[in-house]
1. Looking only at segment 56-84, how many residues end up being closer than 21 Å to residue 104 by Cβ and in contact (Cβ under 8 Å) with a residue 24 or more places away in the chain?
2. Take the residues in segment 16-37 that are in a helix (DSSP H, G or I) and either modelled with pLDDT under 95 or not small (Gly, Ala, Ser) (or both); name whichever of them is nearest to the chain's Cα centre (by Cα).
3. Just one of 247, 225, 267 is in contact with a Phe, Trp or Tyr (Cβ under 8 Å, 6 or more places away or on another chain), at positive phi, not basic (Lys, Arg) and not assigned by TED's automatic domain parsing to the domain that holds residue 108; which is it?
4. Residues that are surrounded by fewer than 23 Cβ atoms within 10 Å (Cβ to Cβ): which strands (runs of 3 or more DSSP E) entirely in segment 38-145 hold 2 or more of them?
5. Provide a single number: the residues in segment 142-170 that are modelled with pLDDT under 95 and within 27 Å of residue 82 (Cβ to Cβ).
6. Take residue 172 and decide whether it is assigned by TED's automatic domain parsing to the domain that holds residue 111, within 21 Å of residue 98 (Cα to Cα) and either buried (at least 23 other Cβ atoms within 10 Å of the Cβ) or not charged (D, E, K, R) (or both).
7. So for segment 204-215 (the condition being outside any helix (DSSP H, G or I), at pLDDT 95 or above and within 26 Å of residue 136 (Cβ to Cβ)), does at least one residue qualify?
8. Would you please name the residue that is farthest from residue 276 (Cα to Cα), looking only at residues in segment 179-203 that are aliphatic (A, V, I, L, M) and assigned to a strand (DSSP E or B)?
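The values are calculated or read from the model by the stated rules, or taken from the named source; none is laboratory data. Owing to the predicted nature of the structure, the values given are computational and were not obtained by experimental measurement. Note that each Cβ is placed from the backbone with ideal geometry, even for glycine, and that neighbours are counted across all protein chains shown.
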Amino acid sequence: MISDMTKSILEHLPHVKGRLAENSSLARLSWFRTGGPAEVLFEPADEADLQLFLRHVPGSIPLTVIGVGSNLLVRDGGVEGIVIRLGRGFAETKVRGDVLKAGAGAMDVHVARAAQKAGVTGLEFLVGVPGTIGGGLRMNAGAYGQEMKDVLIHAHAMDRYGHVHEILSEDFGFGYRSCTVDPSIIFLSASFHVANGDPAEIQDRMEAVANARQESQPIGTQTGGSTFKNPEGYKAWELIEAAGCRGLQIGQAQVSEKHCNFLINLGDATATDIETLGETVRERVKTHSGIDLEWEIRRIGQQSEEKA
């Protein structure tokens with residue numbers, strides 16, 4: 001249900017070029033294909049549209065930014081306030097010399113392919129990273145030995161009041177699957193180091209990464225990617241398997257048989273099923289090894305009243 005506060009805000013918002021919708025499904029945007037709605041969903045047409053919108057939203061209204069929902073679990077009660085989703089207007093990719101610039105809404109795999117087509121190397125690992133550039137910046141995403149921090153030059157970003165910022169790579173405070181940039185900052189685009197390369201050789205490396213991912217991960221299922229971060233000195237999947245959790249199921253949520261650091265929606269799982277399964281795995285790993293697993297999947301929203 002839309003709150004009175006949000007109704008009041010919507011009545012005073014400027015006309016936007018993008019899509020603005022109340023009580024909008026987020027399940028359709030999440031790769032888990034489950035979860036509650038956004039109280040208000042805004043999909044800006046471009047940077048100017050987003051800036052205009054943010055300049056008219058009071059600071060008291062919660063804002064949540066999402067990408068394509070690849071590493072996201074939306075709780076069944078939905079998300080209060082305004083959810084901002086960056087789409088096509090933020091997906092352009094350009095190569096100029098030894099710099100590739102990509103919009104925050106661009107899919108990682110599409111950026112890797114654009115680099116290959118332009119004959120530049122350095123971003124092949126993005127084929128193994130589900131999601132968008134914006135989400136990858138936020139969590140220092142990586143695969144097969146490379147991370148965002150290794151290739152990022154700087155990011156173009158906007159705060160929740162519409163002010164634009166340039167953030168250098170060294171100011172990100174990158175860590176393992178994390179950065180220290182203020183969570184309210186919205187990444188708009190990023191520039192990366194690249195180098196000239198042979199398109200055929202780049203394609204071969206990309207195929208190797210894609211094949212390795214296909215062989216080891218439950219591609220094609222309703223999943224959110226790697227569920228837990230690897231604790232220092234350990235691999236999360238090994239700890240999960242040692243705790244006897246491979247194939248464990250709660251409702252329609254299951255620990256993948258193929259890669260047990262992936263949770264799967266078998267068809268009708270609720271977000272509560274998935275989160276409960278994840279917490280059960282954490283408890284069993286803690287009991288078995290004494291190690292606390294930390295969620296890598298981002299969880300947003302409220303529990304439903306029925307499940308609370």
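1. Start the filter on segment 56-84 by keeping residues that are closer than 21 Å to residue 104 by Cβ, which leaves 57, 62-74, 79, 81-84.
In the following step, the residues that additionally are in contact (Cβ under 8 Å) with a residue 24 or more places away in the chain were identified as 57, 63-74, 79, 81-84.
The qualifying residues number 18.
2. Restricting attention to segment 16-37, the residues satisfying the condition of being in a helix (DSSP H, G or I) are 27-29.
If we keep only those that are either modelled with pLDDT under 95 or not small (Gly, Ala, Ser) (or both) too, we end up with 28-29.
On the way: 28: 15, 29: 11 Å.
Checked segment 16-37; the qualifying residue nearest to the chain's Cα centre (by Cα) is 29.
3. Working: 247 fails: in contact with a Phe, Trp or Tyr (Cβ under 8 Å, 6 or more places away or on another chain); 267 fails: in contact with a Phe, Trp or Tyr (Cβ under 8 Å, 6 or more places away or on another chain).
On inspection, the qualifying residue turns out to be 225.
4. Values: elements: 63-66, 72-74, 79-85, 93-96, 99-103.
Qualifying strands (runs of 3 or more DSSP E): 63-66, 79-85, 93-96, 99-103.
5. Of the residues in that region, 2 qualify.
6. On the way: assigned by TED's automatic domain parsing to the domain that holds residue 111: yes; within 21 Å of residue 98 (Cα to Cα): no; either buried (at least 23 other Cβ atoms within 10 Å of the Cβ) or not charged (D, E, K, R) (or both): yes.
When the stated conditions are applied, residue 172 does not pass them.
7. To start, the set of residues in segment 204-215 that are outside any helix (DSSP H, G or I) comprises none.
Looking for residues that are outside any helix (DSSP H, G or I), at pLDDT 95 or above and within 26 Å of residue 136 (Cβ to Cβ), one finds none in segment 204-215, hence no.
8. Of segment 179-203, the ones aliphatic (A, V, I, L, M) are 181, 185-186, 188, 190, 194-195, 200, 202.
From what's left, assigned to a strand (DSSP E or B): 186, 188, 190, 195.
Details: 186: 30, 188: 34, 190: 35, 195: 45 Å.
The extreme case among them is 195.
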